[in-house]
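K.L.:
Below is a structure I'd like to ask you about.
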Amino acid sequence: MTTDASPEVQSAVSAAFRAEWGQVVATLIAVTGDWDLAEECAQDAFARALQAWERDGVPDRPGAWLTTTARHRAVDVLRRRANESAKLRDAALLQPSEPSGEGGSAAGDSGISDDRLRLIFTCCHPALPLEARVALTLRTLAGLTTAEIARSLLVAEPAMAQRIVRAKRKIRNAAIPYRVPPASLLPERTNGVLAVLYLLFNEGYSATSGADVVRADLCAEAIRLARLLARLMPAEPEAGGLLALMLLQDSRRPARTDSQGELVTLEDQDRSRWDRAEITEGQQVLQGALRAGRPGPYQLQAVIASCHASAAKAADTDWPVIAGVYGQLARITPSPVVELNRAVAVGMAQGPAAGLALMDSLAASGALAGYHLLPAARADLLRRLGRQAEAATAYGAALALAGTGAERRYLTRRQVEASRLIQ
């Protein structure tokens, strides 16, 4: 739908999308039981908002307006389905929910008071494979595109689209109820919820596409939900570990880009711009989680983030400890991305040649084909070894795969620098 909406209205609709998409879609799913119809009607409501809000002004309660508009669209669609009379009666009863703020609606048997967190737990049904739960929740409730989710999970976009379709089909065919489970059943969904929040934060902290490398709104929402989860499940150390990891990484966000929005690597960041309050809180939360004596992947990643946060300057970074923690992490949750990060740490701790050998083996395996950070990391170690021609080639390979404008500009600068040093 084309529109002549003003920048102010477009900004209001974008803000409403970030704040309300998940709630609107989930409300429609709860009543119609049809995931595709819910998304279609929500998309239509946001498209209509561009024209209506330009004409009538932005409503005081954008979420209520969007829910009402999406409801009317759902009713219209269901009217055309002769065999959907029962769902039509349910849809006609749908009313916009009252804004609930952080306190959310009544917690009920689940003990979850926040609407968004309740919805994430609802989507992470154990009958679905973990990967499908995570993908479906990110798509439906967080509003991430299929391409963004595919990049986050290192899966081809068509395969990810099929995964989401199959998950919706299984929910429909198995008649999986769309409701928040009682508190006693929350633990079986915790891993999926943690994964959703982790990937939501990562998409904000290191966006996989678009003009900007950082999406602050996603970071803030992920941290907010992680705080609620940690309070909800104080006996689950991984909930604390995830919150600590987010806080420690987010503390560096102000220094990740310069005044022109250009990417600044960890090594070159102005550490005086790091958020010391977030670092202190993150380290305190981490210590509390580690006291449980059950280290998991989020706690270990938080330990690594804490090592970086504790270094007053880049040269003070305890790379041997970081390499060792990555080794432990690889044993608990083996993955090619963990192996790449371990190779970087080994390269910093033992010398670039040692790290490069690990990366070359990883590249030969094909496990990270299409992942731009592998050639980017190889290029950095090749540069440090003085092999500038190879570094320039590797930067070019990374440049062809990078998803954001800021990353492409950074890699271009590095490639030019390496090319100039070729003897």
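The values are calculated or read from the model by the stated rules, or taken from the named source; none is laboratory data. Everything numeric in this text was worked out from a predicted model, so none of it was measured. Neighbour counts are summed over all protein chains in view; Cβ atoms, including those assigned to glycine, are modelled from backbone coordinates with ideal geometry. Remember, those area values only see protein heavy atoms, side chains included, never the ligands or the DNA or RNA. Shrake-Rupley method; radii C 1.70, N 1.55, O 1.52, S 1.80 Å.
K.L.:
On the accessible surface of the range 127-276, probed at 1.4 Å, how many percent belong to carbon and sulfur atoms?
P.N.:
53
K.L.:
Something else about it: What is the range 2-57 by shape, rounded, prolate or oblate, if you read a ≥ b ≥ c off the alpha carbon gyration tensor as root eigenvalues and call it rounded for a/c under 1.5, prolate for a/b larger than b/c, and oblate otherwise? Mind showing how you got there, number by number?
P.N.:
On the way: a/c = 3.04, a/b = 2.15, b/c = 1.41.
Prolate, because a/c is 1.5 or more and a/b exceeds b/c.
K.L.:
If the only charges are +1 at each Lys and Arg Cβ and -1 at each Asp and Glu Cβ, what is the size of the charge dipole of the chain around the Cα centre, to the nearest 20 debye?
P.N.:
Once rounded to the nearest 20, the dipole reads 840 debye.
K.L.:
Additional query: Where the only charges are on Cβ atoms (+1 Lys, Arg; -1 Asp, Glu), what is the dipole of the range 306-423 about its Cα centre, to the nearest 20 debye?
P.N.:
The dipole magnitude comes to about 280 debye.
K.L.:
Right, another one. Could you tell me which residue out of Ala235, His125, Pro62 lies farthest along the dipole of the chain toward its positive end? Charges go on the beta carbon: Lys and Arg +1, Asp and Glu -1, centred on the Cα centre.
P.N.:
In the chain, that residue is His125.
K.L.:
With a probe of 1.4 Å, find how much accessible area the range 194-304 has per residue, and write the answer as a whole number in Å².
P.N.:
Per-residue value: 39 Å².
K.L.:
Let me ask something else about it. At 1.4 Å probe size, put His125, His72 in order of accessible surface, largest to smallest.
P.N.:
Order by accessible area, largest first: His72, His125.
K.L.:
So, one more: In what order, largest first, do Cys307, Cys124 sit by accessible area if the probe radius is 1.4 Å?
P.N.:
Cys307, Cys124
K.L.:
Give me the net charge of Leu358's neighbourhood, meaning all other residues with Cβ under 14 Å from the Cβ of Leu358; Lys, Arg count +1, Asp, Glu -1. Let's see the in-between values first.
P.N.:
Details: positive: Arg342, Arg378; negative: Glu339, Asp360, Asp380.
Surrounding charge for Leu358 is -1.
K.L.:
A further question follows. Where nothing but the Cβ of Lys and Arg (+1) and of Asp and Glu (-1) is charged, how large is the charge dipole of the range 216-375 around its Cα centre, in debye to the nearest 20?
P.N.:
That gives a dipole near 440 debye.
K.L.:
With every protein chain kept in place and ligands, DNA and RNA left out, what is the accessible area per residue of the range 326-423? Probe 1.4 Å, answer in Å².
P.N.:
Details: 4620 Å² over 98 residues.
For the range 326-423, the solvent-accessible area averages 47 Å² per residue.
K.L.:
Which of the helices in the chain, when you take each full DSSP H run, stretch at least 18 Å along the axis at their Cα atoms and have an average Kyte-Doolittle score of 0.0 or higher?
P.N.:
Numbers: long enough: 7-32 (34 Å, 0.71); 35-56 (30 Å, -0.69); 62-79 (26 Å, -0.21); 157-173 (24 Å, -1.02); 187-205 (27 Å, 0.21); 216-232 (24 Å, 0.85); 237-250 (19 Å, 0.83); 276-290 (21 Å, -0.24); 297-310 (20 Å, 0.41); 319-332 (20 Å, 0.87); 336-350 (20 Å, 0.73); 352-365 (20 Å, 1.09); 388-401 (20 Å, 0.77); 405-420 (23 Å, -1.54).
Flagged H segments are 7-32, 187-205, 216-232, 237-250, 297-310, 319-332, 336-350, 352-365, 388-401.
K.L.:
Can you find, among Ser365, Gln51, Ala397, the residue farthest towards the positive end of the dipole of the chain? Put +1 on the C-beta of Lys and Arg, -1 on that of Asp and Glu.
P.N.:
Result: Ser365.
K.L.:
Using alpha carbon coordinates only, what is the Rg to Rh ratio of the chain, with Rh defined as the Kirkwood radius?
P.N.:
The Rg/Rh ratio comes out at 0.99.
K.L.:
When a/c is below 1.5 the answer is rounded, else prolate if a/b is larger than b/c, else oblate, so apply that to the range 271-423 with a ≥ b ≥ c taken from the square roots of the Cα gyration tensor eigenvalues.
P.N.:
Prolate shape, in that a/c is at least 1.5 and a/b is the bigger ratio.
K.L.:
Label the range 313-395 by shape, choosing from rounded, prolate and oblate, from the square roots a ≥ b ≥ c of the eigenvalues of the Cα gyration tensor; if a/c is under 1.5 it is rounded, and otherwise prolate applies when a/b is larger than b/c, oblate when it is not.
P.N.:
Oblate shape, in that a/c is at least 1.5 and b/c is the bigger or equal ratio.
K.L.:
Next question. Rounded to the nearest 500 deg cm²/dmol, what is the calculated helix-only ellipticity per residue at 222 nm for the chain, with -39500 (n - 2.57) per DSSP H run of length n ≥ 4?
P.N.:
Value at 222 nm, helices only: -22000 deg cm²/dmol.
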